[in-house]
Amino acid sequence: MQRRLVRKRDLEILLTKIAPHPQPRAHLEQYTIPVETATEILYLAAYTYGDIIGKTVIDLGCGTGRLAIGSVILGAANVVAVDVDRVAIKAAVNNAKQLQRDCVQWITAELSALRGYFDTVVQNPPFGVQRAKADRVFLKKALEVGHRIYSLHRSSRANIMALKRTSRKQTPSLTLVPPSSFIERFVEKAGASIKAVYAVKTAIPHIFDFHTKPKHEFFVDLYIIEAGGDDAHG
């Protein structure tokens, strides 16, 4: 188990070696999470909130494995990664082998088939651009199977406007912002609570035919949520 502090730059370099999805599909919104974004999330979870080192971690919609493998690098006790796409899982297995971090349990399955309970959930779900409400399915399952949840969602219009007004200044890589009223209600209805929301600047390259720019930069909101129910792992 990793106890030594991993430098952020070292984590970023290792995550850079994880190949993106070889055949992404637009309807599944298969955008590989950018290395910088994955690094920020994992570093925050590990060293600010203490939710990675020695913990059981599950990555929902793992894609090619950046968050799952990164959790192993930072010292998670056990990591499970789930995706419905066999091609993505195969790529993730190869990525883990290349980095000699092949202790992740990779599962090809629908979220509805998933059972169990974990200390920490990390996820970069579809934002619901191609399929309306797709992110709600992921958030609902995360609230069922995890105690502390790290979940990326589209920034609210209010947060985007506020961040644009400060764009002339040096914007931190993580900026505390208020939650969207919808996600706040969704979480509270499940008996959980939002601990913090961070705006994260991210980008996606030109992948699909409908993309018009070489790279699209935008903000997403990282929700840190504490679920109700029994914490089976103390």
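Throughout, read-outs are computed from the coordinates displayed, never taken from laboratory work. Given the structure is predicted, the values throughout are model-derived calculations rather than measurements. Here the Cβ is made from the backbone with ideal geometry for all residues, glycine too, and neighbour counts use every protein chain on show.
In the structure displayed, which of 8/195; 133/201; 17/189; 8/97; 55/189; 8/140 lie more than 29 Å apart, Cα to Cα?
The answer is 17/189; 8/140.
Along the charge dipole of segment 1-119, pointing to its positive end and built from +1/-1 on Cβ of Lys, Arg, Asp and Glu, which listed residue (84, 43, 61) has its Cα farthest out?
43
For residue 181 and residue 7, compute 0.36 nm times the residue count separating them, minus their Cα-Cα distance, and round to one decimal in nm.
So the chain would gain 59.1 nm between residue 181 and residue 7.
Considering only DSSP states other than H, G, I, E and B, which trypsin sites (Lys or Arg not before Pro) in segment 33-136 qualify as loop sites with at most 12 other Cβ atoms within 10 Å?
115, 133
Points 7 angstrom from Cα along the Cβ direction at residue 102 and residue 117: gap in nanometres?
About 3.3 nm, to one decimal.
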